[in-house]
Amino acid sequence: MSHKQKQPFKPLNIAVHTVSDTRNEENDTSGLALKERLLAAGHNLADKKITRDDIFHIRAVVSDWIHRDDINVVLITGGTGFTVRDNTPQAVEPLLVKRVPGFGELFRQISYTEIGTSTVQSRALAGISNGTLIVCMPGSPNACKTAWDKILLDQLDASHRPCNFVEHLQNSSQDEVSSNCESRN
């Protein structure tokens with residue numbers, strides 16, 4: 001299949017996990033920003049949770065979601081900084097089968113134009129486990145909007161070419177979609 005051939009848009013089932021010791025459903029502006037954007041893009045909100053910033057609470061939620069057949073993507077907001085309470089990367093990294101180093105690199109590059117050198121304090125990361133894409137981003141609404149608008153919107157769209165993450169996710173009709181990224185790298 002040529003990388004110029006378009007695939008139709010495929011709605012994904014996306015779960016949103018807010019990691020915070022202070023946020024709740026009323027003030028979870030970051031989780032709400034992600035929810036609004038994924039729904040506006042035509043995806044489905046599969047689940048949404050808020051947990052405190054604790055390695056084992058985070059890992060339990062993510063482990064449950066990557067085990068489920070009805071979740072393609074897990075978006076995690078919060079806990080990616082350097083404070084004592086920022087534990088998202090330590091919780092998630094052991095669960096990843098394949099890391100996506102380009103996500104964190106690109107996120108920090110884009111963020112540099114918005115927040116300057118403060119972007120070096122972000123430990124944003126992504127990876128794939130059990131056919132589920134897991135994306136960890138900072139807890140600010142602006143960081144979530146940047147990650148979604150400038151990276152995830154395209155990468156979670158099966159029609160985006162030359163390649164996207166949809167072709168690597170469980171239940172994504174892999175026989176209809178072939179990977180074109182490897183041949184280009």
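Nothing in this text is a laboratory measurement; each read-out follows from the coordinates by a stated rule. All figures in this text were calculated on a predicted structure; none of them were measured in a lab. Counting neighbours? That spans all protein chains shown, and the Cβs are built from the backbone with ideal geometry, glycine included.
So the values come out like this:
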| read-out | value |
| --- | --- |
| Compactness of segment 26-102 as Cα Rg over 2.2 N^0.38 Å, two decimals | 1.14 |
| Relative contact order (%) - criterion: Cα under 8 Å, at least six apart; region: the chain | 25 |
| Reachable lysines from LYS49, criterion Cα separation under 20 angstrom, eight or more residues apart if same chain | LYS35, LYS145 |
| Furthest towards positive pole of dipole, LEU45, HIS17, ASN87, structure part segment 13-173, Cβ charges | ASN87 |
| Residue order, fewest to most surrounding Cβ atoms within 10 angstrom, among HIS17, HIS67, HIS160, HIS168 | HIS67, HIS160, HIS168, HIS17 |
| The chain - charge dipole about Cα centre, Lys and Arg +1 at Cβ, Asp and Glu -1, debye rounded to 20 | 360 |
| Antiparallel DSSP beta bridges within segment 13-173, percent to nearest 5 | 30 |
| Gained length - ASP69 relative to ASN24, 0.36 nm times residue gap less alpha-carbon distance | 13.5 nm |
| Restricting segment 1-94 to GluC sites (Glu not before Pro) in coil, as DSSP defines it, with at most 13 other Cβ within 10 Å | GLU25, GLU26 |
| LEU39 versus PHE82: modelled label distance in nm, points set 7 Å from Cα along the beta carbon direction | 3.7 |
| Segment 30-138: chymotrypsin sites (Phe, Trp or Tyr not before Pro) falling in loop per DSSP and having at most 15 other Cβ within 10 Å | PHE82 |
| Nearest 10 degrees, 0 to 90: helix 55-67 Cα axis against the chain principal axis | 20 |
| Extension reserve of the ARG52-GLN90 stretch, reckoned as 0.36 nm per residue once the Cα distance is removed | 12.3 nm |
| Phi-based couplings in Hz for segment 112-117 (Karplus 6.51, -1.76, 1.60; Gly and Pro marked x) | 4, 5, 9, 10, x, 5 |
| Per-residue Cβ neighbour rank within 10 angstrom, fewest leading, ASP69, ASP86 | ASP69, ASP86 |
